[in-house]
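> Encoded as structure tokens, here's the structure I'll be asking about.
The values are calculated or read from the model by the stated rules, or taken from the named source; none is laboratory data. Quick caveat, the model's predicted, so the values are computed rather than measured. No Cβ is skipped: glycine too gets one built from the backbone with ideal geometry, and neighbour counts run over all protein chains shown. For accessibility, only protein heavy atoms count, side chains too; no ligands or nucleic acids. Shrake-Rupley method; radii C 1.70, N 1.55, O 1.52, S 1.80 Å.
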Amino acid sequence: SKSLSDEENLKLFGKCNNPNGHGHNYKVIVTVCGEIDPVSGMVINLTDLKEYMQEAIMEPLDHKNLDKDVPYFAEVVSTTENVAVFIWENLKKLLPVGTLYKVKVYETDQNIVVYKGEETI
């Protein structure tokens, strides 16, 4: 985090605190919800969903240094939580309104983030 000292970054991020960066092979699972179309039998056409995921996830993030290559992360710490938010926001712009239910991001098999958007009260 640019807002923290080297010592604070080391204390907060531990082994993930590397001034030259480090990589992950994230796995992303997107869940949609809605009424099932009586003709297609689907909530959303899977071919369309794959295209939306390609545009919202793969194009901006695949094989990128998140901190250097993705403008969003110039000001936002590239934690898995923030990667999930980034993916949610990108998909929400593309998917039919109300169909995006959940974004699940696996950083590792043990470190998983689930994001369902901001709840309003």
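> Looking at segment 69-107, which of its residues are of a type in the set (Ser, Thr, Tyr) and under 14 Å from the mean Cα position of the chain (by Cα)? First the steps, then the outcome.
Going through segment 69-107, the residues of a type in the set (Ser, Thr, Tyr) turn out to be 72, 78-80, 99, 101, 106.
Listed by number, the residues that qualify are 72, 78, 79, 80, 101, 106.
> A follow-up question, please. Quick check, is residue 8 at pLDDT 95 or above, surrounded by fewer than 16 Cβ atoms within 10 Å (Cβ to Cβ), out of contact with any Cys (no Cβ under 6 Å at 6 or more places or on another chain) and of a type outside the set (Gly, Ala, Ser)? If you could, list the steps in order and put the result at the bottom.
Details: at pLDDT 95 or above: no; surrounded by fewer than 16 Cβ atoms within 10 Å (Cβ to Cβ): yes; out of contact with any Cys (no Cβ under 6 Å at 6 or more places or on another chain): yes; of a type outside the set (Gly, Ala, Ser): yes.
Criteria not met by residue 8.
> Continuing with the same structure: Scan segment 9-32 and report the pairs whose first residue is at negative phi and whose second residue is open to solvent by 70 Å² or more (accessible area, probe 1.4 Å) and at pLDDT 75 or above, with Cβ atoms within less than 6 Å and a gap of 6+ or a chain change.
31/101; 32/101
> Considering only helices (runs of 4 or more DSSP H) fully contained in segment 44-121, which possess at least 1 residues that are among the basic types (Lys, Arg) and either touching a helix residue (DSSP H, G or I) at 6+ places or on another chain (Cβ under 6 Å) or touching a residue at least 40 places away in the same chain (Cβ under 8 Å) (or both)?
Working: elements: 46-53, 66-69, 80-94.
Filter on segment 44-121 gives 66-69.
> Let me ask another. Could you please find all residues in segment 76-109 being under 18 Å from residue 51 (Cβ atoms) and open to solvent by less than 60 Å² (accessible area, probe 1.4 Å)?
Those that are under 18 Å from residue 51 (Cβ atoms) and open to solvent by less than 60 Å² (accessible area, probe 1.4 Å): 87, 88, 90, 91, 94, 95, 99, 100, 103.
> Kindly indicate whether any position in segment 28-40 is at pLDDT 70 or above, touching a strand residue (DSSP E or B) at 6+ places or on another chain (Cβ under 6 Å), closer than 30 Å to residue 97 by Cα and open to solvent by 60 Å² or more (accessible area, probe 1.4 Å).
Taking every residue of segment 28-40 in turn, at least one turns out to be at pLDDT 70 or above, touching a strand residue (DSSP E or B) at 6+ places or on another chain (Cβ under 6 Å), closer than 30 Å to residue 97 by Cα and open to solvent by 60 Å² or more (accessible area, probe 1.4 Å).
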